[in-house]
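Read through the structure below, which is laid out as structure tokens, and then see the notes.
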Amino acid sequence: MEDIPLHRMSFDEIDERRNPRPHEQEFDRVVARAISRRGFLGVLAFGSGAAAMGLGTLMGSTSARAQTASRFAFTPIAIATDFAVHVPEGYAWKPVARWGDALFSDAPAFDPEKGTTAAGQARAIGENTDGMELFVIDGREVIAVNHEYVNLDVNLPGNPDGLPLTPEDVLKLQNAQGVSVMEVAQGADGWAIVVDSPFNRRITNNTPMKITGPAAGHDLLKTEADPTGTQVLGTLNNCGSGRTPWGTYLTCEENFNSYFGSTDAALELPAEFKRYGIGLEGGYGYEKFDPRFDLSKNRNEPNRFGYVVEINPADPASVPVKHSALGRFKHENAAVTLAADGRVVVYLGDDERGEFLYKWVSSDPYTEGGDTSSLLEKGQLHVAVFADDSTGKWVALTPEATGMTAAEIAVHTRLAGSRVGATTMDRPEWVAVNPVAAEAYCALTNNVNRGVKPNAGGDLTPVGGPNPREKNGFGQIVRWYPAGQDHASADFTWDLFVMAGNPTVHQDAFGGSANVNAGNMFNSPDGMSFDSTGLLWIQTDGDDSNEGDFAGQGNNQMLIGDPVSGQIERFLTGPNGSEITGLLWSADRKTAFVGVQHPGGSWPDGTGLPRSAVIAVWRSDGTVIG
Ligand code: FEO
Ligand code: CA
Ligand code: CA
Ligand code: CA
């Protein structure tokens, strides 16, 4: 990996370089502990010849109920390895919003070979669509959708390695990311963007925002350009999403660390930067042309990213708000629900190997039409501690518990989690809350470091609990049931809804749980949303080589799971190279909107550059889809 330039690395590979495998001695100790841990767990789960019994224990009641009648209104589809989207018989799809499609009529036409310009990009759909949510505003359907990152080769196809050579190039990349807000409507040709809708808006890496919560105004957030430490330009690496009961959009800053670098190769960085994977080399070359991203000129700038950002889609002039109270880490999504007494509960994953799962509980309840302005500012952030006996606790990240100030907890949240012994997880991706049962799910996408390497803070990653497999390349979905059926409870019980695996290659735990078979197998669950009937739609972001451990799993896909029976079936496959991420339904539930990120080939146009896109999927008979 040392020979690969940073801009060619995945986010995981960048993390590995920043935090290489520990020195031999330390590594040996970690392995020894992991193995003894696994020995203990063997009694519970994967003892010799007892895999099925063990899975039954971990799987709760799911596998026992796997024989009930299917609730799925589709015929499952086979895997695919081509550069196309496939849906079940009786369903259809079409692209609605491709990278470069105009939001405003003054946007230049997209060039199939060159893409767009920096100025044009600020008036058009960004690249790499990810999390998204629907808002019905004055009877109109408005989608807010994230643009997670940029594929350099695709955005700057004329440049060597796609690297920026001018400030204009950097601006083009910056304008291709952030968030798009777009009105959509059905015309003669089906769903389309309403060009020039008053709700349309682009939010980029440079859009002014403000910071609230304990970190606002703290020294760690002050820069020369913003001595108040409260005004930030832009949002970075917008991954998953959330929506509040009061009609605002939540966009989550994930791999923000890779945007920063230093033009001074000898610069010393604060110790906390290591935990967050912030180093001297940037992943996009921003630091060479935009001093804001040059750590030698702006050392505090990274402290202003890694938050959950709230956007009001009903007011295109509104200033987005970064909520530091919800912590700073590689935020995946923000799954919002209400406690029994109406307080706002937000589940939050930190997507890095061996990082944590969090929960926010507001101080005050949400009341319809009431004041919502402090619900993501006043409250308490917690972190999850899982026990092997299928119980768990949410531990409050208070100054008393952590020895850190409230502002320090908000900025260096990972360090606070370590201090209270949070459970190191197999990369928490999306959390989804079941609308018809008191339970929540988190996709733990994979973690090849499980049991062999600590996280970037030195916390061990023992095999056990909801992370039961060493060098876990397949991933699993953990589910928890809050005590008293109240999401504000400090206690919960948990099980695994599914352990992904490959039963055609492995006969042990890597073959997957009982609800995985040769016909529905997949790897690396990531995006998740519940439909209105309580079915869990699962999207994957994994290895689509269709070889080795992943033979027979094909391209990334979307499956639907039944939380009651445990049944999982494949509904959609994406083009080779792509990840399927982002999901919502039209107001009438007759259309599902699905995101296709970083497709390969020339999808979907069949010529020129590949274009990530939001597609519409519907039933040909016009009935509801979820
Ligand atoms: Fe952007 Fe963890 O996915
Ligand atoms: Ca994701
Ligand atoms: Ca992922
Ligand atoms: Ca992605």
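Laboratory data are not the source of any read-out in this text; all were calculated from the coordinates shown. Model, not experiment: these values are computed from the prediction. Here the Cβ positions follow ideal geometry from the backbone for every residue, glycine too, while neighbour counts run over all protein chains shown.
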Evaluate Rg over Rh across region 210-264, taking Cα atoms for both radii and Kirkwood's formula for Rh. 1.04
Relative contact order (%) - criterion: Cα under 8 Å, at least six apart; region: the chain: 15
Electrostatic dipole magnitude of the chain [Cβ: Lys, Arg +1; Asp, Glu -1; Cα centre; debye, to 20]: 860
Quick check on region 467-626: what does the Kirkwood estimate of hydrodynamic radius come out to from the alpha carbon pairs, in Å? 16.9
Relative contact order (%) - region 259-378, alpha-carbon pairs under 8 angstrom, separation at least six: 16
Cα gyration tensor shape of region 130-267, rounded if a/c is under 1.5, else prolate or oblate by comparing a/b with b/c: oblate
Could you work out how much longer the chain between E547 and T75 gets when fully extended? Use 0.36 nm per residue separation minus the Cα distance between them, nm to one decimal. 167.4 nm
Residues M9, M521, sorted so that the one with the fewest Cβ neighbours within 10 Å comes first: M9, M521
Measuring from its Cα centre, region 549-595 shows a charge dipole (+1 at each Lys and Arg Cβ, -1 at each Asp and Glu Cβ) which, in debye to the nearest 20, is 180
Cleavage-rule hits, trypsin sites (Lys or Arg not before Pro), region 338-444, DSSP coil, Cβ neighbours within 10 Å at most 16: K378
Cut-off 14 Å, label 7 Å out along Cα→Cβ of T398, residues of region 202-216 by amide N: none
Grab the DSSP H runs of the chain that are 4 residues or longer, score each as -39,500 (n - 2.57), total them, divide by all residues and round the 222 nm result to the nearest 500 deg cm²/dmol. -3000 deg cm²/dmol
Provide F356, F199, F289 in ascending order of the number of other Cβ atoms located within 10 Å of each residue's Cβ, fewest first. F289, F199, F356
Prolate/oblate/rounded call for region 90-211, Cα gyration tensor, a/c under 1.5 rounded: prolate
For labels at A185 and A437 in the simple 7 Å Cα→Cβ model, what's the distance in nm? 4.1
Among G131, V142, F110, the residue whose Cα sits farthest towards the positive end of the charge dipole of region 110-159 (+1 at Cβ of Lys and Arg, -1 at Cβ of Asp and Glu, taken about the Cα centre) is F110
Computed about the Cα centre, the charge dipole of region 288-387 from +1 Lys/Arg and -1 Asp/Glu charges at the Cβ has a magnitude in debye, to the nearest 20, of 480
Arranged from highest to lowest average of other beta-carbon atoms within 10 Å per residue, in what order do the peptides 600-608, 302-310 appear? 302-310, 600-608
Ranked output for segments 262-268, 209-215 by mean other Cβ atoms within 10 Å, highest leading, reads 209-215, 262-268
Would you kindly state how much longer the chain becomes between D3 and S363 on full extension, computed as 0.36 nm times their sequence separation minus their alpha carbon distance, in nm to one decimal? 124.6 nm
Can you tell me how the chain classifies by the Cα gyration tensor, rounded, prolate or oblate, using a/c under 1.5 as the rounded cut? rounded
Region 145-190 - Rg (one decimal) and Dmax (whole number), Cα, Å: 14.5, 43
Set the Förster distance to 25 Å, then compute FRET efficiency between A490 and K378 from the Cβ-Cβ distance, nearest 0.05. 0.85
Expressed in angstrom and rounded, the centroid-to-centroid distance over alpha carbons for region 279-338 and region 594-626 is 28
Say the cut-off is 21 Å between C-alpha atoms; which of K172/K288; K210/K359; K222/K322 go over it? K210/K359
Pop a pseudo-label 7 angstrom from the Cα along the beta-carbon direction at both F104 and T405 and give the gap in nm to one decimal. 4.1
Segment D315-V505, length gained on full extension (0.36 nm per residue, minus Cα span): 63.1 nm
Using 5 Å bins from zero, what percent of all Cα-Cα pairs in region 298-430 falls into each bin? 2, 10, 18, 23, 21, 14, 7, 3, 1, 0, 0
Counting other C-beta atoms within 10 Å, which of Y358, Y286 has the fewest, and how do the rest follow? Y286, Y358
So how do 10-19, 273-282, 124-133 stack up, highest first, on mean other-Cβ count within 10 Å? 124-133, 273-282, 10-19
Rg and Dmax of region 529-576, Cα atoms, in Å? 12.0, 37
